[in-house]
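Reading through the structure tokens given below for one structure.
What follows draws every value from the coordinates through simple rules; no lab data is involved. This one's a predicted model, so the numbers in the text were calculated from it and none came from an experiment. Cβ coordinates were reconstructed from backbone atoms using ideal geometry, including for glycine residues, and neighbour counts include every protein chain displayed.
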Amino acid sequence: MAAVLEQAAKRLKTDITIGTHNGHFHADEALAVHMLRTHIPAYANARLVRTRDPATLATCHTVVDVGGEYDAAANRFDHHQRTFNTTFPGRETKLSSAGLVYMHFGREMISRKLGTSDHTDPTVNMVYEKIYTSFIEALDAHDNGISVYDPAKVAEAGLEKRFSDSGFNLGAMVGRLNPNWNDEIPSDPVAAQAAEDERFETASARIGEEFDRDLDYFAKSWLPARSVVETAFNERKAVDPSGRILVLKGQSAPWKDHLYTLEETVPENEKVVYVLYPEKPAPDAKWRVQCVPVTKDSFQSRKPLPEAWRGFRDEELSGISGIPGGVFVHAAGFIGGNKSYEGALAMAKKALD
């Protein structure tokens, strides 16, 4: 009986077909296909069909980004219909096919990565929400034509971009894998579709590589760092009574996201402004003093290192600061270094004044 069930399961996996549209492809369906085939076992051997033919799509087990229907129970994940307004829980950005697939299958992906079968585990949900806001949401916005900033408010403020960043995102990366307008197309329709599908598979693997890297990072690095940062946060007043200096002992760990979360109920005058950590996990390691940004993605620090120190190194820095062991302070004042923990701590304390 077990052998029969195993064979049936294999047939189910093999017989699954994912349908999406042919023609110009985008990041959202490329990622949606990758997430299903790479991270959901039932789709491991799924065949891909790229078409806009309704009759063919109707035969597919799962359809993404085409078909004009969103029905998770029927495995239909399109977002182009006029009535579609679905968003990820707690967010305002309308979902694309990538967001839809992630919303319904993301917890399973993360549970498997964390080695748990409990999809309701709080740590699963923490990573689930983090990956959406850090990776998936930008694809949803890009595909739905949603700007990072409100265009009306930007115009009202008279702001203009200093440079173009339109080619520096995942959507543009996938877009560049489409054929050029003047590329030669095979005269045989079957061969032409096969060539286009091959490009799509390349795009799906490429954006999938980026997603897999983020999934691995948030599950295996970012999540374990939370306890490290929380311990340092709870002990920070033993380092300095102000509570404004945080020390990561032993080695550095991803701290920004966790710090901002831990600070949500902390008074403004007790929020951390400097984070200290060794450059490497070794007794003789040099130490860094890093300023906490105003926001995670900001280049503006809550309190930059003193202007008089900026751009100086080594003995010259030590002479100016009056603190032995100086290594450097960046010209922008957001980070500096010292040969010892004691020196780095002295820099942070002096910079607080």
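What's the exposure ranking of 49, 148, going from fewest to most Cβ atoms within 10 Å?
Details: 49 17, 148 9.
Fewest to most other Cβ atoms nearby, the residues stand as 148, 49.
If r is the Cβ-Cβ distance from residue 80 to residue 53 and R0 is 25 Å, what FRET efficiency results, to the nearest 0.05? Mind showing how you got there, number by number?
Numbers: r = 16 Å, r/R0 = 0.65.
FRET efficiency, residue 80 to residue 53: 0.95.
Relative contact order, percent, of the chain when contacts are C-alpha pairs under 8 Å separated by at least 6 residues?
Numbers: 527 pairs, mean separation 39.3, N = 353.
That works out to 11 percent.
For residue 70, which sequence-distant residues (separation of 5 or more, or a different chain) have an amide H within less than 5 Å of its own amide H, given hydrogens modelled in the peptide plane?
Close amide H contacts, sequence-distant or interchain: 78.
Scan the chain and note any complete DSSP helix (H) whose C-alpha atoms cover at least 30 Å along its axis and whose Kyte-Doolittle average is -1.0 or more. List each step's numbers first, then the result.
Numbers: long enough: 189-217 (42 Å, -0.84).
Long hydrophobic helices here: 189-217.
If one puts a single equal scatterer on every Cα of the stretch 235-352 and applies the Debye formula without solvent, what log₁₀ I(q)/I(0) results at q = 0.18 Å⁻¹?
Treating every Cα as an identical point scatterer, log10 I(q)/I(0) equals -0.89.
Set the Förster distance to 51 Å, then compute FRET efficiency between residue 153 and residue 44 from the Cβ-Cβ distance, nearest 0.05.
Efficiency computed from Cβ-Cβ geometry: 0.65.
Within the set 153/256; 271/350; 220/286, which residue pairs have Cα atoms separated by over 22 Å?
Numbers: 153/256 28 Å; 271/350 17 Å; 220/286 26 Å.
Distance filter (> 22 Å) returns 153/256; 220/286.
List the relative contact order of the stretch 235-352 as a percent without decimals, with contacts defined as Cα pairs under 8 Å and 6+ residues apart.
On the way: 216 pairs, mean separation 25.0, N = 118.
This gives 21 percent for the stretch 235-352.
What's the exposure ranking of 35, 126, going from fewest to most Cβ atoms within 10 Å? Mind showing how you got there, number by number?
Details: 35 25, 126 16.
By the 10 Å Cβ count, ascending, the order reads 126, 35.
Counting Lys and Arg as +1 and Asp and Glu as -1, what is the net charge of the other residues whose Cβ lies under 13 Å from the Cβ of residue 255? Please list the in-between numbers first.
Numbers: positive: 226, 236, 249, 256, 288, 296; negative: 230, 257, 263.
With Lys, Arg at +1 and Asp, Glu at -1, the neighbours total +3.
Could you tell me the extents of the stretch 227-267's C-alpha atoms along the three principal axes, largest first, rounded to whole Å?
Extents along the principal axes, in whole Å: 26, 20, 12.
Of the DSSP beta bridges with both residues in the stretch 11-224, give the percent that are antiparallel, rounding to the nearest 5.
On the way: 3 of 11 bridges.
Roughly 25 percent of the beta bridges in the stretch 11-224 run antiparallel, per DSSP.
To make sure I understand, if each residue's beta carbon is the centre and we count other beta carbons within 10 Å, what order do 100, 159, 317 fall in, fewest to most? Walk me through the numbers before you get to the answer.
Values: 100 25, 159 10, 317 22.
The order, fewest Cβ neighbours first, is 159, 317, 100.
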